[in-house]
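For reference, the structure is listed below as structure tokens.
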Amino acid sequence: MKIIILGAGQVGGTLAEHLANEANDITVVDTDTERLRDLGDRLDIRTVIGHCSFPTILRQAGADDADMLVAVTNSDETNMVACQVAHTLFRTPTKIARVRESAYLTRSELFDTDAIPIDVLISPEQAVTNHIKRLIEYPGALQVLDFAEGKAQLVCVRAYYGGPLVGQELRQLRAHMPNVDTRVAAIFRRDRPIFPTGDTIIEVDDEVFFIAARTHIRAVMSELRRMEDSYRKVIIAGGGHIGERLAEAIESRYQVKIIEINAARCRYLSDSLDTTVVLHGSASDRDLLVEENIDEVDIFLALTNDDEANIMASLLAKRLGARKVMAIINNPAYADLVQGGAIDIAISPQLATLSTLLTHVRRGDIVSVHSLRRGAAEAIEAIAHGDRKSSKVIGRKVSEIHLPPATTIGAIIRDDQVLIGNEDIVIQADDHFILFVVDKKYIRDVERLFQPGLTFF
């Protein structure tokens, strides 16, 4: 696939890195010469220096025969104009743009084909907010992903000493919970993936990814670790876009406080939020945290745009007695350093955004793609199309499907049913598959499996 990426920032750079490794023809455009040089030295990609929305620059980047344009510069306006130019002059089939400003997003008619032709709008702030919201709903989870509009969920938990299943074989899961259908899709042990079988023994500190119907998630979690009490008191450090959106989404269910250093922003937040308490000050101010009874807080979220500030505020909050701390960390090197230590969960905005983008890059009818373990693995929701002749999966039992290595079928969703772990299920047209790919070099083979043959068309 020939893809042009506009903007070599964190999202653009991370996307280029992922896609270049999958044998795509990638061109990155930016005005920052140094950043482009750095990307060009590390990756097998083309780089073009210039303004991302200029027709001459887009032609130079290969817009005449590009399959996709991904506009992720820091300017909403540049991203929108670039999509307009690509549509009008180059007839680019798929145009994806990052639009952050909610003033644009509230008017959906803006992005029709006859207005500003953008096929997919992505909002990193919204993606991160949804990610954090799901983590708050399931205390103890490291990652929570929705599939088939929330009917099934994939959850990652760390197995703790004292969990009923720790030290036992996976097949015991069925005996412990005879009425619950679940499937362990993958286990990461000391940062290495293990392909789970019935006789795999779960060890302390294993990261276990399992899939189940939404209603069964808590029951499965309780088998792997002591269930934590639900969160009640939440402190958010940083009242930017993400902090504001999150407070707005959860303030009706939790006691929320926001700490924001900018006085004007504090006034804006206190006017726009209903029950959230807004505090003016620094999240690294020990006296302020003590005054706000940080030792009684269930979860402390550091959501500023400064990695170092987030790390320091989180470490201080943990030291002063906060039950759980999470921090947004953009630098992947930092994220690997702090995750699982004093900071319980390091959140990567790039990976949250990347998942949205990958959905549209994957071939076949792919509904959603989620990047796991900082991009080491992927969970994919795909739809089976065609008939027995044209499709490699329809009309066959699960046990007859020739899956690529390091790939498991976690669940099949048919209408409102979540079918898990049964090898005798016969696949029907329009079934949703949830697949877990531990080794990303087999992604192309997975895509081919779900692409109907030419006879279907």
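The values are calculated or read from the model by the stated rules, or taken from the named source; none is laboratory data. Please read these numbers as outputs of a predicted model, since none were measured by experiment. Virtual Cβ from ideal backbone geometry, glycine too; neighbours counted across all protein chains shown.
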Quick check, is E244 among the acidic types (D, E), closer than 28 Å to I258 by Cβ and out of contact with any strand residue (DSSP E or B) (no Cβ under 6 Å at 6 or more places or on another chain)? yes
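Condition check ((1) closer than 12 Å to I380 by Cβ; (2) at pLDDT below 80) across all residues:
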{"position": "I412", "(1), (2)": "no, no"}
{"position": "Y442", "(1), (2)": "yes, yes"}
{"position": "P452", "(1), (2)": "no, yes"}
{"position": "F456", "(1), (2)": "no, yes"}
Is it true that I235 is at pLDDT 90 or above and of a type in the set (A, V, I, L, M, F, W, C)? yes
Among the residues of the range 265-291, write down those that are hydrophobic (A, V, I, L, M, F, W, C) and more than 11 Å from G239 (Cβ to Cβ). V277, L288, L289, V290
Going residue by residue through the range 124-144, is there one that turns out to be touching a strand residue (DSSP E or B) at 6+ places or on another chain (Cβ under 7 Å), closer than 30 Å to F90 by Cβ, buried (at least 20 other Cβ atoms within 10 Å of the Cβ) and at pLDDT below 85? yes
Pull up the range 7-38, narrow it to residues that are under 13 Å from V72 (Cβ atoms) and in a loop (DSSP other than H, G, I, E, B), then point me to the one that is modelled with the lowest pLDDT. G9
When the residues of the range 145-166 are filtered to those that are small (G, A, S) and closer than 10 Å to L224 by Cβ, which remaining residue is modelled with the highest pLDDT? A159
Matching residues in the range 92-123 (modelled with pLDDT of 80 or more, within 24 Å of L358 (Cβ to Cβ) and not small (G, A, S)) number 17
Take the residues of the range 250-260 that are among the β-branched types (V, I, T) and out of contact with any Gly (no Cβ under 7 Å at 6 or more places or on another chain): which is surrounded by the most Cβ atoms within 10 Å (Cβ to Cβ)? V256
Pairs needed: first member in the range 199-213, over 14 Å from E223 (Cα atoms); second member anywhere, part of a strand (DSSP E or B); C-beta distance under 6 Å; at least 6 residues apart or different chains. D199/E169; A213/A152; A213/V418
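Evaluate the range 71-78: report whether one residue or more is outside any loop (DSSP other than H, G, I, E, B), touching a Cys at 6+ places or on another chain (Cβ under 9 Å), surrounded by fewer than 23 Cβ atoms within 10 Å (Cβ to Cβ) and not assigned by TED's automatic domain parsing to the domain that holds T359.
yes
Results for (1) under 21 Å from L6 (Cα atoms); (2) part of a loop (DSSP other than H, G, I, E, B); (3) of a type in the set (D, E), shown as yes or no for each residue.
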site: K95; (1), (2), (3): yes, no, no
site: R100; (1), (2), (3): yes, yes, no
site: E109; (1), (2), (3): no, no, yes
site: I118; (1), (2), (3): yes, yes, no
site: L121; (1), (2), (3): yes, no, no
site: E125; (1), (2), (3): yes, no, yes
site: T129; (1), (2), (3): no, no, no
site: I132; (1), (2), (3): no, no, no
site: I136; (1), (2), (3): no, no, no
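Condition test on V278, is it in contact with a Phe, Trp or Tyr (Cβ under 8 Å, 6 or more places away or on another chain), in contact (Cβ under 8 Å) with a residue 24 or more places away in the chain and either of a type in the set (D, E) or surrounded by 21 or more Cβ atoms within 10 Å (Cβ to Cβ) (or both)?
no
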Residues being surrounded by fewer than 16 Cβ atoms within 10 Å (Cβ to Cβ), closer than 25 Å to L358 by Cα and either modelled with pLDDT under 80 or assigned by TED's automatic domain parsing to the domain that holds F210 (or both) - total across the range 375-404: 1
I'm checking my understanding of the structure. Among residues of the range 145-185 that are surrounded by fewer than 14 Cβ atoms within 10 Å (Cβ to Cβ) and either assigned by TED's automatic domain parsing to the domain that holds D415 or free of Cβ contacts under 8 Å to residues at least 24 places away in the same chain (or both), which one is farthest from A213 (Cα to Cα)? A175
Check L403, L316, L289 and return the single one that is in contact with a Lys or Arg (Cβ under 8 Å, 6 or more places away or on another chain) and either among the β-branched types (V, I, T) or not in a strand (DSSP E or B) (or both). L316
Name the single residue, out of those in the range 39-51 being modelled with pLDDT of 90 or more and assigned to a loop (DSSP other than H, G, I, E, B), that is surrounded by the fewest Cβ atoms within 10 Å (Cβ to Cβ). G50
Taking the residues in the range 406-438 that are over 23 Å from the mean Cα position of the chain (by Cα) and in a strand (DSSP E or B) as candidates, determine which candidate is farthest from H370 (Cα to Cα). V426
Looking at R218, R134, can you tell me which residue is more than 18 Å from the chain's Cα centre (by Cα) and basic (K, R)? R218
